[in-house]
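Scroll down for the structure; my scribbles are underneath it.
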Amino acid sequence: MSAPYADYEKLQGRSLQAFIDVGVPAPGPWSVTACAQPLALEVLAGADRLIANTGWSPRSMSAQALRLTPAGCCANVADASAGQPLQGLLARILGPRLEGGARHAGGRRHQAEDGVWLEYVHDGWARDFGVSHERRLYMDPAADELRGEDALSPVNQPFVRKSHRPMFLTVRFQLHPQVKASLAMDHKSVMLQGPTSGGWWLRNDSPEVRLEPAVHLVDGRPQHTQQIVMRTMVKRDGTARVRWKLSAADEKPA
């Protein structure tokens with residue numbers, strides 16, 4: 001359930017399983033194969049992969065954009081990336097090493113009879129925006145529900161707004177190509193249907209929810225899929241929050 005030396009955590013429900021990358025990208029020469037996707041997660045329902053990252057690997061070196069934060073199942077600020085691969089002459093000499101982004105991540109795991117709670121935070125947005133991102137996850141085995149919260153909060157340095165335009169916190173969940181997704185009539189809840197596990201509701205309190213096209217790599221080859229995009233405005237004090245819940249589709253959302 002917990003692999004502290006590999007920086008992975010697992011949450012187990014009756015049929016739901018969630019895997020969370022709680023570490024930071026490898027530094028230096030090892031970052032050539034790293035992704036700028038801090039606190040990314042994947043979710044399985046039975047044998048079905050519901051939420052899955054893009055599947056980037058060194059076999060897909062040309063698809064560098066899929067290493068960036070907006071291509072992962074994580075949160076980003078102002079559609080930016082918490083780290084970028086080197087380009088130009090430096091990339092030809094050193095390889096596409098990942099520069100910038102998260103350098104510190106930490107948190108804790110709470111284990112109890114009625115569920116497991118994860119709280120992790122990283123500093124990938126501190127230098128550019130003066131905020132930190134915290135992801136809180138709770139697995140309720142009895143209800144077979146995964147609940148999450150993605151939140152921004154200002155760090156010690158002043159909150160930085162790069163432009164006068166509104167800035168947004170965006171939470172993206174890339175879906176596996178075999179998963180069908182549709183928006184409910186409230187234009188907020190999303191129905192997910194895997195090949196064998198039936199239906200699952202992703203409910204949330206985000207002001208804006210959309211389904212957008214995405215790409216998933218299988219052995220380096222792209223396949224078309226969808227992504228759930230939840231977006232909320234960052235307040236003037238640098239705070240923002242999106243809460244969500246994944247549960248079996250026994251009934252329609254209220």
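The values are calculated or read from the model by the stated rules, or taken from the named source; none is laboratory data. Please read these numbers as outputs of a predicted model, since none were measured by experiment. Reconstructed Cβ throughout: ideal geometry from the backbone, glycine too, with neighbour counts over all protein chains shown.
Go through the range 26-69 residue by residue and tally those that are over 30 Å from W200 (Cα atoms) and out of contact with any Gly (no Cβ under 6 Å at 6 or more places or on another chain).
Going residue by residue through the range 26-69, those that are over 30 Å from W200 (Cα atoms) are 26-34, 58-64.
Filter once more, keeping what is out of contact with any Gly (no Cβ under 6 Å at 6 or more places or on another chain): 26-31, 33-34, 58, 61-64.
Counting residues in the range 26-69 that are over 30 Å from W200 (Cα atoms) and out of contact with any Gly (no Cβ under 6 Å at 6 or more places or on another chain) gives 13.
Does the range 164-173 contain any residue that is outside any loop (DSSP other than H, G, I, E, B) and either touching a helix residue (DSSP H, G or I) at 6+ places or on another chain (Cβ under 8 Å) or at positive phi (or both)? Talk me through it step by step, then tell me what you get.
Step one: of the range 164-173, the residues outside any loop (DSSP other than H, G, I, E, B) are 168-173.
If we keep only those that are either touching a helix residue (DSSP H, G or I) at 6+ places or on another chain (Cβ under 8 Å) or at positive phi (or both) too, we end up with 170, 172.
Yes, some residue in the range 164-173 is outside any loop (DSSP other than H, G, I, E, B) and either touching a helix residue (DSSP H, G or I) at 6+ places or on another chain (Cβ under 8 Å) or at positive phi (or both).
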For this session: Determine if the range 17-31 includes at least one residue that is among the β-branched types (V, I, T), surrounded by 21 or more Cβ atoms within 10 Å (Cβ to Cβ) and within 30 Å of G198 (Cβ to Cβ).
Result: yes
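If you scan the range 200-227, which residues turn out to be out of contact with any strand residue (DSSP E or B) (no Cβ under 6 Å at 6 or more places or on another chain) and in a strand (DSSP E or B)? Spell out how you get there, then give the answer.
Here is the first cut: in the range 200-227, the ones out of contact with any strand residue (DSSP E or B) (no Cβ under 6 Å at 6 or more places or on another chain) are 213, 217-221, 224.
P213, L217, V218, R221, H224 - these are the residues of the range 200-227 that are out of contact with any strand residue (DSSP E or B) (no Cβ under 6 Å at 6 or more places or on another chain) and in a strand (DSSP E or B).
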Exercise. Do we have R203 as surrounded by 15 or more Cβ atoms within 10 Å (Cβ to Cβ), modelled with pLDDT of 95 or more, among the charged types (D, E, K, R) and within 15 Å of the chain's Cα centre (by Cα) here?
Worked result: no
Exercise. Among the numbered criteria (1) modelled with pLDDT of 90 or more; (2) over 19 Å from L44 (Cβ atoms), which single criterion is violated by Q174?
Worked result: (2)
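Looking only at residues that are touching a strand residue (DSSP E or B) at 6+ places or on another chain (Cβ under 9 Å) and surrounded by fewer than 22 Cβ atoms within 10 Å (Cβ to Cβ) in the range 126-136, which one is farthest from R241 (Cα to Cα)? Give the steps one after another, and end with the answer.
Of the residues in the range 126-136, the ones touching a strand residue (DSSP E or B) at 6+ places or on another chain (Cβ under 9 Å) are 126, 128-136.
Pick out the ones that are also surrounded by fewer than 22 Cβ atoms within 10 Å (Cβ to Cβ) and you get 126, 128, 130, 132, 134, 136.
Details: A126: 17, D128: 19, G130: 16, S132: 12, E134: 10, R136: 11 Å.
My answer is D128.
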Exercise. For the range 46-66, how many residues meet the condition of being more than 17 Å from the chain's Cα centre (by Cα), buried (at least 17 other Cβ atoms within 10 Å of the Cβ) and under 19 Å from F173 (Cβ atoms)?
Worked result: 1
For this session: Could you check, for the range 78-98, whether at least one of its residues is surrounded by 19 or more Cβ atoms within 10 Å (Cβ to Cβ), of a type in the set (A, V, I, L, M), over 15 Å from the mean Cα position of the chain (by Cα) and under 24 Å from P222 (Cβ atoms)?
Result: yes
Seminar exercise, completed: For the range 169-187, pairs from a residue that is under 17 Å from L39 (Cα atoms) to a residue that is outside any loop (DSSP other than H, G, I, E, B) and among the charged types (D, E, K, R), with Cβ under 6 Å and 6 or more apart or across chains, are T170/R231; V171/D150
Problem set entry | Selected residue (criterion: farthest from L152 (Cα to Cα)) from residues of the range 170-199 that are of a type in the set (A, V, I, L, M, F, W, C) and within 18 Å of the chain's Cα centre (by Cα) | V179
For this session: May I ask you to say which residue of G238, G194 is crowded, with 20+ Cβ neighbours inside 10 Å, at pLDDT below 95 and under 24 Å from R136 (Cβ atoms)?
Result: G238
For this session: List every residue pair whose Cβ atoms lie under 6 Å apart, where the two residues are 6 or more positions apart in sequence or sit on different chains, the first residue falls within the range 1-18 and is farther than 17 Å from R136 by Cα, and the second residue, located anywhere, is part of a strand (DSSP E or B).
Result: S15/A45
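Would you check which residues across the range 228-254 are aliphatic (A, V, I, L, M), in a strand (DSSP E or B) and out of contact with any Phe, Trp or Tyr (no Cβ under 9 Å at 6 or more places or on another chain) and list them?
The initial filter retains those residues of the range 228-254 that are aliphatic (A, V, I, L, M), namely 228-230, 233-234, 240, 242, 246, 248-249, 254.
So of that shortlist, the ones also in a strand (DSSP E or B) come out as 228-230, 233, 240, 242, 246, 248.
Correct list: V242 only.
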For this session: Quick one: E119 ticks every box in (1) within 19 Å of T69 (Cα to Cα); (2) touching a strand residue (DSSP E or B) at 6+ places or on another chain (Cβ under 6 Å); (3) among the acidic types (D, E) except a single one, so which number is it?
Result: (1)
Exercise. Mind checking which residues of the range 215-227 are within 30 Å of V131 (Cα to Cα) and either without any contact (Cβ under 8 Å) to a residue 60 or more places away in the chain or in contact with a helix residue (DSSP H, G or I) (Cβ under 8 Å, 6 or more places away or on another chain) (or both)?
Worked result: V215, Q226, Q227
